[in-house]
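A.B. asks: One structure coming up, written as structure tokens, with questions to follow.
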Amino acid sequence: MQDGKIVPPGAFLPAAERYNSAPRIDRWVVHHTLQWLSCHADQLHHVGSIAINLSGQSLGDEAVLTYIMQQFESSDVPAEKIKFEITETAAIANLQDATVFINTLSKFGCQFALDDFGSGLSSFAYLKNLSVDVLKIDGMFVKDMLDDPIDSEMVKSINQIGHVMGLETIAEFVENEQILDKLRDIGVDYAQGYHLGKPIPIASLLNSNNTN
């Protein structure tokens, strides 16, 4: 928060990564997420899973991995409620570290989503080496898929390979009903975007759920 307004990640994450502060932010987010869930255990039945984005720097930081494991060991929040999201480019750049990171936390019950999938140069070649649970189809293919047949085919291909590997698929950047209908036709499992809902504080979200 700044002056009572929410500051979007894009406004501070580039600087945090430049000065190697991203792992500190990741640790803060993990700690406060588990703390909030622990203090609001009565709300857990509303939660399918909570997604936490991790920076590429954290994938190669053993201290971050150890910290996260310690947080789970001291928390009563089921690890199955947490889904870590890592970008495809970060995973490929730190493939060995990413593999160890994913495999270690998967043993706790955590899930992993590969974010922005399709943006890398060799997406499919690396996919079989990463034991993730979810593929998030890069929004750059989704947003123009109604007008660009190549983008549409990319979405279909990523969705198909994900399902062949037993993974769930999520399409990013869904901004209208027409795109959502197209994704349903293709068989994408989930959708994410402003058409479905904009980011809001968790308290507001839960109040809305309780009202409905």
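The values are calculated or read from the model by the stated rules, or taken from the named source; none is laboratory data. Quick caveat: nothing in here was measured; it's all calculated off a predicted structure. Cβ placement follows ideal geometry from the backbone for every residue including glycine, while neighbour counts extend to all protein chains displayed.
A.B. asks: Taking the conditions exactly as written (surrounded by 15 or more Cβ atoms within 10 Å (Cβ to Cβ) and of a type in the set (Ser, Thr, Tyr)), does Ser21 satisfy them or not?
C.D. replies: yes
So that you can scan it fast, the table gives a plain yes or no per residue for (1) touching a Leu at 6+ places or on another chain (Cβ under 9 Å); (2) of a type in the set (Val, Ile, Thr):
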| position | (1), (2) |
| --- | --- |
| Arg24 | no, no |
| Gln43 | yes, no |
| Val47 | yes, yes |
| Ile52 | no, yes |
| Gly60 | no, no |
| Ser75 | yes, no |
| Gly109 | no, no |
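A.B. asks: Could you figure out which of (1) of a type in the set (Asp, Glu); (2) in contact with a helix residue (DSSP H, G or I) (Cβ under 6 Å, 6 or more places away or on another chain); (3) closer than 20 Å to Met165 by Cβ isn't true of Asp61?
C.D. replies: It is condition (3) that Asp61 fails.
A.B. asks: For the list (1) part of a helix (DSSP H, G or I); (2) of a type in the set (A, V, I, L, M); (3) modelled with pLDDT under 95, I need the number of the one condition that Ile25 fails.
C.D. replies: Unmet condition: (3).
A.B. asks: Which residues, taken from segment 137-177, are under 19 Å from the mean Cα position of the chain (by Cα) and either of a type in the set (Asp, Glu) or not assigned by the TED database to the domain that holds Asp189 (or both)?
C.D. replies: Asp138, Glu168, Glu172, Glu175
A.B. asks: Just one of the numbered conditions (1) at pLDDT below 95; (2) surrounded by 15 or more Cβ atoms within 10 Å (Cβ to Cβ); (3) within 16 Å of the chain's Cα centre (by Cα) is not true of Pro199; which one?
C.D. replies: Exception for Pro199: condition (2).
A.B. asks: What are the pairs, 6+ residues apart or on separate chains, where a residue within segment 184-204 that is within 23 Å of Gly10 (Cβ to Cβ) and without any contact (Cβ under 8 Å) to a residue 12 or more places away in the chain has its Cβ under 9 Å from a residue that is in a helix (DSSP H, G or I) and hydroxyl-bearing (Ser, Thr, Tyr)?
C.D. replies: Ile200/Ser208
A.B. asks: Next up: Which of (1) crowded, with 18+ Cβ neighbours inside 10 Å; (2) over 23 Å from Ser49 (Cα atoms); (3) at pLDDT below 95 does Leu127 not meet, given it meets every other one?
C.D. replies: The failed condition is (2).
A.B. asks: Tally up the residues in segment 64-117 that are out of contact with any helix residue (DSSP H, G or I) (no Cβ under 9 Å at 6 or more places or on another chain) and of a type in the set (Val, Ile, Thr), please.
C.D. replies: 1
A.B. asks: Go through segment 17-32 and count every residue that is in contact (Cβ under 8 Å) with a residue 12 or more places away in the chain and more than 21 Å from Pro78 (Cβ to Cβ).
C.D. replies: The total comes to 5.
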